[in-house]
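The values are calculated or read from the model by the stated rules, or taken from the named source; none is laboratory data. Remember, it's a predicted structure, so these values are computed and weren't measured experimentally. Cβ placement follows ideal geometry from the backbone for every residue including glycine, while neighbour counts extend to all protein chains displayed. What goes into the accessible areas is simple: the full protein's heavy atoms, side chains included, and nothing from ligands, DNA or RNA. Shrake-Rupley method; radii C 1.70, N 1.55, O 1.52, S 1.80 Å.
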Amino acid sequence: FARLRSGLQRSTAKLTEGLTGLFTKRKLDDAALEELEEALITADLGVAAAQRIVQNFRRSRFGKEVTDIEVKEALAEEIAAILTPVAQPLAIHPGKRPHVVLVVGVNGTGKTTTIAKLGQQYGEQCKKVAFVAGDTFRAAAVEQLQIWGGRTGALVHAPAKQGADAAGLAFDALKAAQADGTEILLVDTAGRLHNKGALMEELRKVIRVMQRVDPTAPHSVLLVLDATTGQNATQQCKVFSELVNVTGLVVTKLDGSAKGGIVVALAQEFGLPVHAVGVGEKAADLRPFDARDFARSLLG
Ligand code: GDP
C-alpha cells in the first residue's frame with residue numbers, strides 16, 4: 001500500500017492540485033460542479049467517470065457547503081465504487097493443466113515483465129510455470145524471457161530461430177506443457193499495432209492452434225496497458241477488445257506516472273477486471289489491485 005501510495009504521488013498531485021481551493025467552504029453549485037468535472041478529466045479519469053461522479057455529488061450534496069476534506073473523502077468513495085467491481089484477482093483454474101494465459105498488448109507496455117513477475121509469484125506458490133516467448137521477431141523479448149526463466153525457475157519455450165511461426169511455437173509448447181504437468185503457461189505475444197490486420201491474424205492463429213490441443217484454451221487473455229500513456233491506454237483497450245476476447249487487464253508503470261487516474265477511466269468505460277498493477281520493474285512490483293487502497297492513494 002505504501003509503495004502504491006508513493007508510486008501514485010504524481011497522479012495524486014495532479015488530482016489534488018485541481019481540487020485544492022475549489023471547495024474551501026464553498027457552496028456546491030453549478031459552477032463548482034463544473035470545475036470539479038474539469039479537474040477530474042484533467043486527472044485522466046475520463047469523461048464518463050467524471051460525469052458519473054459529478055452527478056452523484058449533485059444528487060447528494062447540491063447547494064450544501066463543503067470543505068476540501070469532505071470533497072476528497074466523498075471522491076475517494078465514488079472512485080472506490082467505480083473500481084470495486086473490477087478489482088478481481090486473476091483466477092487460475094486448478095482443473096486446467098495447464099491454465100493458459102495469453103498476454104497481449106502493444107510493445108513496450110510491459111508484457112514480458114508482467115509475465116516474468118507472474119511467473120515469479122506463481123513459482124513462489126510452488127506452481128509449475130512455463131513461459132512461451134511468442135514474440136518471435138523480437139530477439140530482445142525472447143532473451144529477456146529466458147533470463148527471467150532462469151531467475152524464476154520457469155521453463156521457457158523459445159522459438160528455434162528468430163521470426164519462427166508463433167502459432168507453431170504455442171502449439172508445441174502447449175503439448176509439451178500438458179505432457180510435463182505444467183500448471184500455468186504464460187504466453188507472450190507480438191504487439192505491433194501499426195499493422196492491425198496482421199496482428200489480429202497472428203493472435204487469432206495462436207488461439208486457434210492452441211485450441212486444437214485444448215479447446216478451452218486460452219483460459220485468460222490478459223491485456224497489458226501502460227498507465228503513462230494515459231488516454232492511449234483507453235484506445236488500446238478498445239482496439240485489443242475488438243481483436244481478441246480480453247478477459248482482464250494489468251496496468252503497468254503506475255510508479256511515477258501522473259496518469260494513474262486512467263485506471264478509473266478504464267474501469268468505467270470497459271468494466272474489465274483489473275487483475276494487478278505494476279509499480280516498478282522488479283518481480284515483487286506487481287501488486288494485487290485493491291479498489292479502496294487505489295482510490296485512497298489517488299486522493300493522497
Ligand atoms: P513489452 O514490450 O510489452 O514486453 O514490454 P517489456 O516488458 O519489455 O517492458 C518495457 C519496459 O518497461 C522495460 O524497461 C520494463 O522494465 C519496464 N516496465 C514494465 N513494467 C513496469 C512497471 O510497472 N514500472 C516501471 N517503472 N517500469 C516497468
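Need one number: % antiparallel among DSSP beta bridges in the chain, to the nearest 5.
15
How many nm separate the modelled label positions at N195 and K175, each set 7 Å beyond the Cα in the direction of the Cβ?
2.7
Just to be sure I understand the model, the point goes 7 Å from the Cα along the line to the Cβ. What's the resulting E281 to T216 distance in nm?
Here the modelled spin labels are 3.9 nm apart.
What's the FRET efficiency of F137 with A91 using the Cβ-Cβ distance as r and R₀ = 41 Å, to the nearest 0.05?
0.85
If you roll a 1.4 angstrom probe over the protein chains with everything in place, what fraction of the accessible area of the chain belongs to carbon and sulfur, to the nearest %?
Looking at the chain in its full context, I get 50 percent from C and S.
Charges on Cβ only, +1 for Lys and Arg, -1 for Asp and Glu, centred on the Cα centroid of the chain; of T189, G105, V71, which one is farthest towards the dipole's positive end?
Positive-end residue among those listed: T189.
Sequence neighbours fewer than 8 away in the same chain don't count; with that in mind, list the aspartates and glutamates whose C-alpha is under 15 Å from K127.
D180, E183
For the chain, what is the charge dipole size about the Cα centre, in debye to the nearest 20, if Lys and Arg each add +1 at the Cβ and Asp and Glu each add -1 at the Cβ?
520
Take each of the peptides 206-212, 38-44, 218-224, average the number of other beta-carbon atoms within 10 Å over its residues, and list them starting from the highest.
218-224, 38-44, 206-212
E65 versus K161, label points 7 Å from Cα toward the beta carbon: distance in nm?
Spacing of the two 7 Å Cα→Cβ label points: 7.9 nm.
Heavy-atom accessible area per residue, region 26-110, 1.4 Å probe: how many Å²?
For region 26-110, the per-residue accessible area is 47 Å².
Rounded to the nearest 20 Debye, what is the dipole magnitude of region 1-101 about its Cα centre when Lys and Arg each give +1 and Asp and Glu each give -1 at the C-beta?
My answer is approximately 600 debye.
Among the lysines, which have Cα under 20 Å from the Cα of K205 when same-chain residues fewer than 8 positions away are ignored?
Filter leaves K111, K161, K175, K196.
Under 30 Å from the Cα of K72, which lysines turn up, not counting those fewer than eight places away in the same chain?
K14, K25, K27, K64, K253, K259
Q55 to T20: FRET efficiency via 1/(1 + (r/R0)^6), r the Cβ-Cβ distance, R0 30 Å, to the nearest 0.05?
0.85
Starting from the amide H of V274, placed 1.01 Å from N in the peptide plane, find each other amide H under 5 Å away whose residue is 5 or more places distant or on another chain.
A87, Q88, L249
Would you work out the Kirkwood radius for the chain? I mean one over the mean of 1/r across all pairs of different Cα atoms, in Å.
Result for the chain stands at 20.0 Å.
Hey, quick one: spin label on I147, modelled 7 Å out along Cα-Cβ, who in region 153-173 has an amide N within reach, i.e. under 19 Å?
153-159, 162
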